[in-house]
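The values are calculated or read from the model by the stated rules, or taken from the named source; none is laboratory data. Just so it is clear, the structure is predicted and the values come from calculations on it, not from any experiment. Neighbour counts are summed over all protein chains in view; Cβ atoms, including those assigned to glycine, are modelled from backbone coordinates with ideal geometry. For accessibility, only protein heavy atoms count, side chains too; no ligands or nucleic acids. Shrake-Rupley method; radii C 1.70, N 1.55, O 1.52, S 1.80 Å.
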Amino acid sequence: MGSGLASLVVTRVFSGIKPTGPVQLGNLLGALRTWVDDQHRADSTFCVVDLHALTVPQDPAVLRAATTELAQLLLAVGIDPTVSTLFVQSDVREHTELSWILECTAAFGELRRMTQFKDKSTDATFVSAGLFTYPALMAADILLYDTDEVPVGDDQRQHLELTRDLAERFNSRYGPTFVVPKATVPTVAARVMDLADPTRKMSKSEDSPQGTVLVLDDLDDVTRKIRRAVTDTDNEVRFDPSAKPGVSNLLAILSACTGDAPETLADRYTQYGPLKADTADAVVEYLRPIQQRYAEFAEDPSGTRSILLAGADKARALAEPKMHQVRSRLGLPTD
Ligand code: AQP
């Protein structure tokens, strides 16, 4: 009886990715790889978070194309819309409604402490109010779906902590409403570093063509970028991210592609050249089938849109009753 009940407990997973540029290797190894596994063990919902892209000015045609292409890439990576829910954030209006409520739940000082805001606003010529409040929208994305686990890369940990704080604050002010979620961060490749500057994170919107491996890069370019990755001069292969960021980054990438621990891999190499060559080969073989499947999905934009609309219907079926409950808790009309 007891074990029968336990097996009825469903874990809910939610995560999202912004259509702010072509997907890079860090997105794939830090997040998408986990999504694909999670969908087979948990009730999983994945979202192309197009509203998050609007924190910086966007060309409408570029954003529209990037949203479709990102969805096609997620399908190519292995997100299966028959076992998980895949949709576009702006198709489900409850995200923006809950976002406002969570902006009013968050303190100004809390948002000001977000390191991503500090990083992205420093040196920017235009800093939108949305860039400042976007962690509240991210919290809304997650809390709408009674999410237990959020598979993300290491850079999103702080936003997840804020999401937990907002859920707990709302629950204690207005009564139990939101599940308090936790971040699930992979043990390796949670922060893939730029190959040309291994002290900074690889990012899709950073202008670092030699340091960024794009999932859809020409495979010869992938090899070239990895073989030219910045390391150091002492030629000792050791997994030590703070003392040896470049070498450790390569070991983490190789580990994520092969499943062997980075420390074990380090013992196999005495020189950087073979490590770079093997890492390049492993990444190329990891990307090759994804690129082949992407080419097939890219031929059918209307099929992609149908998948996304069906996903939005499934998402809305959860988001609408949750918003109804939130409105009722707050004293807003529900009829
Ligand atoms: N370098 C990285 N290593 C590991 N994980 C990463 N992620 C991003 N970069 C790395 C994870 O990818 C998921 C989707 O990220 P996102 O598109 O929502 O936003 P982001 O974290 O800001 O990623 P980018 O590529 O750096 O985008 P831009 O340049 O537009 O800001 C997240 O789970 C993230 O942790």
Helix 272-298 versus the longest principal axis of the chain: what is the Cα-based angle in degrees, 0 to 90, to the nearest 10?
-> 40 degrees
By how many degrees, 0 to 90 and rounded to 10, does the Cα axis of helix 157-174 deviate from the longest principal axis of the chain?
-> 10 degrees
Size of electric dipole in the chain: Cβ of Lys, Arg +1 and of Asp, Glu -1, about Cα centre, debye, nearest 20 = 680 debye
Top of E149, E69, E168 by mean-square fluctuation, Gaussian network on the chain, Cα under 10 Å = E168
For segment 219-293 and segment 38-83, distance of Cα centres in Å = 28 Å
Calculate what fraction, in whole %, of the accessible area of the chain sits on carbon and sulfur atoms when a 1.4 Å probe is rolled over the protein chains.
-> 52 percent
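Considering only Cα-Cα distances, which of the following residue pairs are longer than 25 Å: K18/K276; K204/K314; K118/K322; K204/K244? All intermediate terms of the calculation are to be shown ahead of the outcome.
Numbers: K18/K276 30 Å; K204/K314 29 Å; K118/K322 32 Å; K204/K244 23 Å.
Among K18/K276; K204/K314; K118/K322; K204/K244, the Cα-Cα distance tops 25 Å for K18/K276; K204/K314; K118/K322.
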Around A71, with a cut-off of 15 angstrom between Cβ atoms, what is the net charge of the other residues, counting Lys and Arg +1 and Asp and Glu -1?
-> -2
Taking the dipole about the Cα centre of segment 219-296, with the C-beta of Lys and Arg at +1 and of Asp and Glu at -1, give me whichever of C257, Y269, T223 is farthest to the positive side.
-> T223
Intensity falloff of segment 255-335 expressed as log10 I(q)/I(0), Debye formula with alpha-carbon point scatterers, at q = 0.14, 0.16, 0.27 Å⁻¹ = -0.73, -0.77, -1.18
Net +/- balance of residues flanking R12 in space, Cβ distance below 9 Å, scoring K and R +1, D and E -1 | -4
How far, in degrees from 0 to 90, does helix 60-77 lean away from the longest principal axis of the Cα atoms of the chain, to the nearest 10?
-> 70 degrees
Assign one of three labels to segment 75-199, namely rounded, prolate or oblate, based on the Cα gyration tensor with a ≥ b ≥ c the square roots of its eigenvalues; rounded applies when a/c is under 1.5, prolate when it is not and a/b is larger than b/c, and oblate otherwise.
-> oblate
Per residue solvent-accessible surface (Å²) - the chain, probe of 1.4 Å = 47 Å²
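Where does the charge balance sit around C257 when Lys and Arg score +1, Asp and Glu -1, over other residues with C-beta under 11 Å from its C-beta?
Cβ neighbours under 11 Å give a net charge of -3.
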In the Gaussian network model of the chain, springs joining C-alpha atoms below 10 Å, which of A190, A107, A310 carries the largest mean-square fluctuation?
-> A107
What shape does the chain take by its C-alpha gyration tensor, where a ≥ b ≥ c are the square roots of the eigenvalues and a/c under 1.5 counts as rounded, a/b above b/c as prolate, and the rest as oblate?
-> prolate
